[in-house]
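Notes for the one structure printed next.
Taken together, the values in this text are just the output of simple stated rules run on the coordinates, not laboratory data. None of these values were measured; they are calculated from a predicted model. Every residue, glycine as well, gets a Cβ built from its backbone with ideal geometry; the counts of neighbours run over all protein chains shown.
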Amino acid sequence: MQRDIVPGQLVKSVAGRDKGQYFLVIEIQEDKMMVADGDMRKVQNLKKKNIKHLKNYNLVAQDIAQKLTTGKGPTNGEVNKAVKDLVVGLEG
């Protein structure tokens with residue numbers, strides 16, 4: 001199990017129907033990650049992904065991470081904007 005993944009971190013799906021899509025980790029459960037992108041996969045309906053099927057990046061949406069650690073759930077718009085901003089930073 002990768003212990004270096006934290007809530008709010010950017011990950012990319014490397015397997016499954018959503019292969020190639022970017023998500024933020026919202027919740028960590030043993031060897032599964034609960035992820036959302038705020039668009040196709042909403043915060044209210046998290047996607048459970050096997051940790052082996054995710055590529056993690058050393059990028060964390062700090063505002064989202066802070067909301068998650070304080071128990072406040074981020075909105076879909078906030079998650080979607082954070083994903084887009086992190087991906088632009090990654091590719092640009």
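Okay, here's what the table says:
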{"quantity": "GNM top mover of V14, V35, V43 - the chain, alpha-carbon springs below 10 Å", "calculated": "V14"}
{"quantity": "Identified option (computed P(r) over Cα pairs in 10 Å bins from 0, in percent; candidates (1) 18, 58, 23, 0; (2) 17, 49, 30, 4, 0; (3) 11, 17, 15, 23, 22, 11, 1)", "calculated": "(1)"}
{"quantity": "Sorted by Cβ neighbour density within 10 Å, fewest at the top, the residues L86, L46", "calculated": "L46, L86"}
{"quantity": "Residue of K48, K72, K12 that the Gaussian network model of the chain assigns the largest fluctuation, springs spanning Cα pairs under 10 Å", "calculated": "K72"}
{"quantity": "Estimated [θ] at 222 nm from DSSP helical runs (n ≥ 4, -39500 (n - 2.57)) normalised by residues in the chain, nearest 500", "calculated": "-8000 deg cm²/dmol"}
{"quantity": "The range 9-64: relative contact order in percent, alpha carbon pairs under 8 Å with at least 6 residues between", "calculated": "38 percent"}
{"quantity": "Cross-link reach list, aspartates and glutamates versus K42, counting only Cα pairs under 20 Å and skipping chain neighbours closer than eight places", "calculated": "D18, E27, D63, E78, D85"}
